[in-house]
Structure formats: structure tokens, C-alpha cells
Amino acid sequence: MPVPSTRDLDARAETLCAKLENAVYRAEVRPHPIRNSERFWYRNRLPKDRTEFVLVDPTVPRKMPAFDHARVAAALTKILGKPVQADRLPVRFLLFEPDGKTLLLAVDEQTFACDLTTYALTTSERALMTAPPLAPGDAPATSPPGNGETSLSLLNRTPFPVRVFWRDFSGNLRPYGSLLPGRSQGQRTYAGHVFEIRDESGKPLVAFVAPEESATAVIAAPFPEAAAVSNRPAPPLRTQEDRPSVFVRNFNVYLRTEEGTDLALTTDGTAGNAYEGEPVWSPDRSKFVLLRTEPAQEHKVVLVESSPADQVQPRVRTIDYLKPGDRIAHSRPALFDVATRLQIPIRDEWFPNPWEISRIDWEPDGSRFRFLYNQRGHQVIRWLAVDAVTGAVRPIVEETAKTFIDWSGKTFLRPLDETREAILMSERDGWNHLYLYNTDTGTVKAQITRGSWVVRGVEDIDEAKRRIRFTASGIVPGQDPYLVHHCRVNFDGTGLTVLTDGDGDHTLSVLPGGRYAVDTFSRVDAPPVTVLRDAETGKTLLPLETADLTEWRKAGGRLPERFVAKGRDRTTDIFGIVHFPHRFDPTRRYPVIEAIYAGPQAAHVPKRFSPAYRTIASLNEAGFFVVRIDGMGTSFRSKAFHDVCWKNLADAGFPDRIPWIKAAAERWPQMDLSRVGIYGTSAGGQNALGGLLQHGDFYRAGVADCGCHDNRMDKIWWNEQWMGWPVGEEYAAQSNVTMAPKLTGKLLLLVGETDTNVDPASTMQVVNALIKADRDFEMLVVPGADHGVLGIPYVRRRMIDFFLRCFPSPARSSRRPDKAPGLTAASNGGKL
């Protein structure tokens, strides 16, 4: 029997993943609220391309067909002039009118009104709205919080798959899945929220802003172009009619008087120390605050695109890219009095060296304004108040850390001005928790949450009831401490209630009115379950759906298995998962590949069910175990667990990962620990090479994709957050460039030649060091590619080929390992 090529293996995995991704049913419940009602509807995918629409009335509670599918099918057959089946309705979206007697149906580009008494269809003039397409650069930079609920139905009319992203409140892109050609996706959202559509390479195509009414967003070429802005004069900043007009021109601040003349309030602004931004006004409009900023140094990274599509000659690209130790922008607040037309001086003793100044706002009485100051080095955060008359500054809250404050992942501040309080997040007791402050005295009134578990995020604050809804991990004893649960607690710390039960990772959607919620939960080894809950108590009111994996299993799906082993201290539990080789034979032994990403900003082992894992599927098809582990130094556990990464990124949790893999091999003796490889992308690329350099007696082969191999070469924010500032000797000591002569195993380096995330010179400097040290390695540079090239099929095949050459076809074991030995620590199975 011929040995399959890597092309055949990858094609098999591709085919398998495509089957698996379409073979899971009843897995996704997206509730669409019905206006002026507690009811909602959702759509179910069923086998053989069938669909059903379900209506839920929480007040009973019960679920039922949303309408008579057969009568709608008959009506559509008549009006469309072609057969329509009841379980294959071509309905993209629907909307119940508030009277409960009429249903609007979006079918292709048409909208029909359905009388729910007679089931007669008429063309609707009202139609479900269409959201106008915008160039991504013309859409709002952020989504606004707090607007009314609505629905946006995204319809892909392009001939290729697209990716959907939501722009969050900070302007970050949050992935909302992919959309195949001709497919639609109903998205529950809020008015004003921004969705950006990109192609599979990451190129922005179009953006949409959700209107107040439910709408359809058609993704189709030609895509709108951004308005030209290069020669456009900067418009005056938006102002209310009863507010003076203030704007910045030529780096200085101007006030437009009632007579229409422009009066300069400053004359000292320069390009090197400019006034900027939009004014933040006091409640009585008598004063305002702007920022004055000395710009960052210029640090250009030059990229050469060797093979541009539109020309023969290479193209040189230059990007702005600050690196650790560079001079960053230095901002300070500037306070102005409109009546006197003077600037009120503010001394900067409390904010001398900002990484960032943010959250500028005024107290309701206008007596002072506040801002959040994060000091460079991420070891001091202060919430500061400035007297509106004198400019005197005093801290409301000061947070310090000997290692780092997780500015990028664990900061939360919510002023409660009516009661002169604030809610803040802190790890001061060793776990990430919420605290209630008195803003007059700057003292803690209550530690709202406490215990050996972490707050993951704040979802809602009810000031009237003095209650918080939040997400937490580790709060349910006996469960994986990374699983997310939804909870409620009072401001004073009483009344802590876990609103979600079931051993899984939970997503809770509270319905309008706040009385009911839809909860979907799953694990990597257990399919999604969706229930209706009482949003006040968390009590399960009605089971809605349990995902059907029948066809998925028939297609060849196998769930990963969870495993737990002790870490370096022989006390702390380390959690990970195992993906098994396809056509697994328990009488054989297989090489083991670790898929690594030890970036400290999060934890990276998946916790929710996924129908397929594309790259891992190719490795499994080629006959490899694949393991994924969260070692010490990553997030979402205790502060001490996270602190391991401080000025110590080279550690990457290896002292926890290696014992974990050894313990897993005791559980599954089919794992051959004489053949262990490792691969990763970005920080994972740094980790993969680091594993070879520091632990070459364990990891025998590695693939490093677009690694940030020297933290002095990578982006400033990420590296200074974990490696500290000023740049110390640990940066060089832990560099893969410095350690390159230690290489003993097999190495494949991958890099995109136009990587804008991690400077590709980081990889090339490793290459230089390896050559000087006379170490053998392989390398693939991908022309025109940006960050992370393992997603490219050709590159993925090269990785599979590399590992197959390093670890030839597994031999039959000398003994039949059909019974696992006793476990030192394991957590496998469990029921939802």
C-alpha cells in the first residue's frame, strides 16, 4: 500500500474538517427578542440541510414552532412560483411585529408580510432595513455602549468566504466567525455597533453600523472606497449648541466666539508639544480639558515585498513601529476656563511618566475632573482628580505592583457619581477581584468579590439595585478553573450567586427586560447545551437544545481529552488537552507534537467545543498526538501563577509542560516520548524555538512561525508589559538570538517577508546567529505574507513534511498498551 504524501494527508484533513464543521446540529441558539414581549425566536440547523424556527415564551415557560412551517412553505411556493419545502424554508431572517399577528420574512432580496391567521403573504413596503455599506475607514472607530437592542442579518453575496469582526468599545476587532458564499448570519446586537468584514487574508472589505431597526447587511462587490482625507482641512470638533466651539489648529487651542471670530487660547503649541483631541467639558460648560502631547520618537521598520502582484520590481514598505525602550508619546491634561479664557496650570508630580492617560471625565458638580494614569513600566496606576479652580492634583486610588499590573487584561473602573463611589478591579490580594471605593476619601468601602478564583469581566452594573453581574473562572469547586461562569453580587460583597450551572464554559445572554437569560455551555470534550434560565436566580426554566453529534461522529469526529498533572512545584494543577491520531491504533506508539503559545496576555488551551481544529487535524492525519497546555506564566489563574512570566518570557512554562507530557504518557503509553516535537506562531514561535534551545533533551524538533525571538525587536506594548521597563539585561539573556548556539535538535524557521506584527528581522537575526554558530536548520520565507504563515496550505504541508522526516512512521509497540497504568493526576470525561 503506497505511503500517502503530505499533500494527500493535508487534503484528507481538509476534507474531514469540512465534513465535521457541517455535521453538528442544534449547537447554536441565537435568541432574537420580539419587541414589547418576553418572547424570542431562534433558528436550528438540522441534518440534510433542513432548518426549523423555534419560538420560546419564557413566561410559561415553553418552546414551540415559531409559525406553521408547512403553511408558510405553501404560501411561498405560490408567491415565488417554485416549490418550497417546509423544512427548507429560504428565509434569511424574520421579524415579529409587536401586534403578534404579522410576521415579516426576508427571502433573498425580498421581504414579505405574513398574516399569522390566514398565512397570506404580501410584499412588504416596510421591508427589513438594509444597513448601508461603508468603507472600513469611514465607519466609527468604536462601538458605543448602551444603545437599544436590534438585529443585523449579514448576507454574503461574494464568491468567497468572509470573516466577521465586531469593533468593540476600545476599537479592537473581535472575531464573530466566518460566512461562506451565499450564507447569511443573524446577529443580535445593539444600535450603533460596528461590524467589519474582511477576506480570509485579513484584508478589510466593508463595514456596517447596526441601525435601530432590524436590518440586513449585504456583503457584495464593489466595496465602497474610503473618502479622501489627505487634503481635507480638519473640521471643528463637534459641539452642542449651548456649548462654545473649541478646536485645535496649528497645534494650538482656539475658541470661536459668539461673534464668529476665532480667539487663540494658547500660542505655545508646537509640532513637538501639541494640543490635541476633543475637549471634555465640565457639566456647566464653563471649563474643558484637552491633552497636550509630545510625540513619540520615529521608529521605522522597512519591509521589502519581493513579489508584488502589480509590478515586477520589489516594493519597499515602511511602517511606524515602536520597540521596547523607545521614547513614547508623553501626554498631559490641559485645563481651560472659558470665562477668563485662561489655562489653569496643572503640576505633574503624580503623573510624571505616562504610558497612557485615559478615562478623562468630570464629576457631576464640576468641582474636579478625573483621569486614569498608567505609569510606564506598568507597575503604577493612579486614578487622579484635578481641582477645577486651582489645578491641584490628588490621587483617588493608587495601585502598585512589584512585578506588573495587567493593564491590557485586568483593568476595570466604573465611577458611581450619585453615591460618590467607584468600582475597580485589582489583584492586590493575589486574585483578580472587584473593590468598592469611596471617591472622596480614596478608601476601600468593601471588597466586593474574594476567594481563590478570578473575576474575568464585568457585564452589567445596576446602580439602583447596587448589584453587579460579572464572569468568573475557578468559582465552581471541582471544575476546570478556566471555565467561565456568570455570577451576581451586591456592591457590599453579599449575595454572591453563580447564575450558571453545568460543567462547561458558559455564554449567558440576558434578554430585554432582564428577567430571563439564554445560557449555552460546552467543553472541548462535551457538546453545547442551551437552556433558558431565570436571570435573577440562575434556575434552569427550560431545556432548549443539546447539540446533535450523531453525524459528526459518523464523519470521523473524535473529541479531544482533557488531562491534568502537577506543575513544577508538584502542587499546582496544570491543565491541557490531548488530540489523538486519526485511525488511532492502541497497539502502536506515536510521536507527540506540542502546539504551544505561552503569551502571558491570556490562557490558550481551548475550553469550548469545536467541531474541527484545522492545523491539528493535519498533524493527527499524519499520525501524531498533539497536546496543548497552559503552563505557569499565563493568565486567568492566581497573580503568583501569572507572575512567573515577569522578566522571564523564556521560561514559557516549560518546567510545567514537560512534566505534564510525561504524566500524559503514563496515562496513554501510546505516546512515544523519544519523539517529541513542538510548534507555534508569534509568541508561540518564540516558545517553540526556545523549547529546542533550552530543553533539547526533550523536544527533538520544532517549527517556529513568525516568532518574536528577541523581545527587544518586537512591538513595545506587549514586551514592556511582561519584560519590564527600562530595558534590562534579561532582554538579551532570554533572547533566542543569544541562545541560538545551544541548538541541538531539528529546526524549521518560518516567516512572512512583510510581517507587520513582528518585525521579520527578528527571525533573520536568529538565522544570522545560527549560521555563525554553525548550526544546521531549515527555513521558509513566504513572499508577500504577513504575520502567521502556518495558515497557508503550502506552509502547513511543509510543517507536516518536516515532522514526518524528523519522526519517521511509528513502529508497532513491543507491548499492547490496552490498559492505562494508575494516574497521578487526571481529569477526563465528566458529564454536562
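The values are calculated or read from the model by the stated rules, or taken from the named source; none is laboratory data. Note that the structure is a prediction, hence the values are computed from the model and not measured. Glycine also receives a Cβ, built like all others from the backbone with ideal geometry; neighbour counts cover every protein chain displayed. We work out accessible area using only protein heavy atoms, side chains counted, and drop any ligands, DNA or RNA first. Shrake-Rupley method; radii C 1.70, N 1.55, O 1.52, S 1.80 Å.
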What lysines does Lys772 reach when the alpha-carbon gap must be under 25 Å and sequence neighbours fewer than 8 apart in one chain are set aside? Lys742, Lys746
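Rounded, prolate or oblate: which one fits the stretch 591-736, using the alpha carbon gyration tensor with axes a ≥ b ≥ c (rounded when a/c is under 1.5, else prolate when a/b beats b/c, else oblate)?
On the way: a/c = 1.78, a/b = 1.65, b/c = 1.08.
The shape class here is prolate.
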Applying the gyration tensor rule to the Cα atoms of the stretch 451-514 (axes a ≥ b ≥ c; rounded if a/c under 1.5, else prolate if a/b exceeds b/c, else oblate), the class is oblate
How would the stretch 14-81 be classified by its alpha-carbon gyration tensor: rounded, prolate or oblate, with rounded meaning a/c under 1.5 and the a/b versus b/c comparison settling the rest? oblate
Measuring with a 1.4 Å probe in the full set of protein chains, what accessible area per residue, in whole Å², belongs to the chain? 44
Tabulate in residue order the Karplus-calculated ³J(HN,Hα) for the stretch 468-483, using 6.51 cos²θ - 1.76 cosθ + 1.60 with θ = phi - 60°, rounded to whole Hz; enter x for Gly and Pro. 10, 10, 8, 9, 9, 10, x, 7, 9, x, x, 9, 3, x, 8, 5
Ordered by residue, what ³J(HN,Hα) values in Hz, to whole numbers, does the stretch 449-464 give under the Karplus form 6.51 cos²θ - 1.76 cosθ + 1.60, where θ = phi - 60° and Gly and Pro are x? 10, 7, x, 7, 7, 10, 7, 8, x, 9, 9, 7, 10, 9, 5, 5
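Over the stretch 368-451, with every protein chain in place, what whole percent of the accessible area is carbon and sulfur at 1.4 Å, could you tell me? List each step's numbers first, then the result.
Working: 1490 of 3080 Å².
Exposed carbon and sulfur together represent 48 percent of the surface.
Please list, by residue number, every one of the GluC sites (Glu not before Pro) in the stretch 274-344 that is coil in DSSP and has at most 15 other beta-carbon atoms within 10 Å.
Details: sites: Glu276, Glu298, Glu305; in loops: Glu298.
Passing sites in the stretch 274-344 are Glu298.
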Where in the chain are the DSSP H helices whose alpha-carbon span along the long axis reaches 27 Å or more and whose Kyte-Doolittle mean is at least 1.0? none
Which order, highest average first, do 344-350, 8-14 follow once you tally other Cβ atoms within 10 Å for each residue and take the mean per peptide? 8-14, 344-350
Rounded to the nearest 10 Å², what accessible area does Glu666 show when all protein chains are kept and the probe is 1.4 Å? 110
Enumerate the amide H contacts of Phe584 below 5 Å, restricted to partners 5 or more residues apart or on another chain; note that Pro and chain-start residues carry no placed amide H. none
For the stretch 375-383, Karplus couplings with θ = phi - 60° (6.51, -1.76, 1.60), whole Hz, Gly/Pro x: 6, 4, x, 6, 10, 9, 10, 10, 9
24 Å Cα-Cα threshold exceeded, pairs from Lys607/Lys639; Lys323/Lys639; Lys410/Lys539; Lys78/Lys101; Lys300/Lys402; Lys19/Lys662: Lys323/Lys639; Lys410/Lys539; Lys300/Lys402; Lys19/Lys662
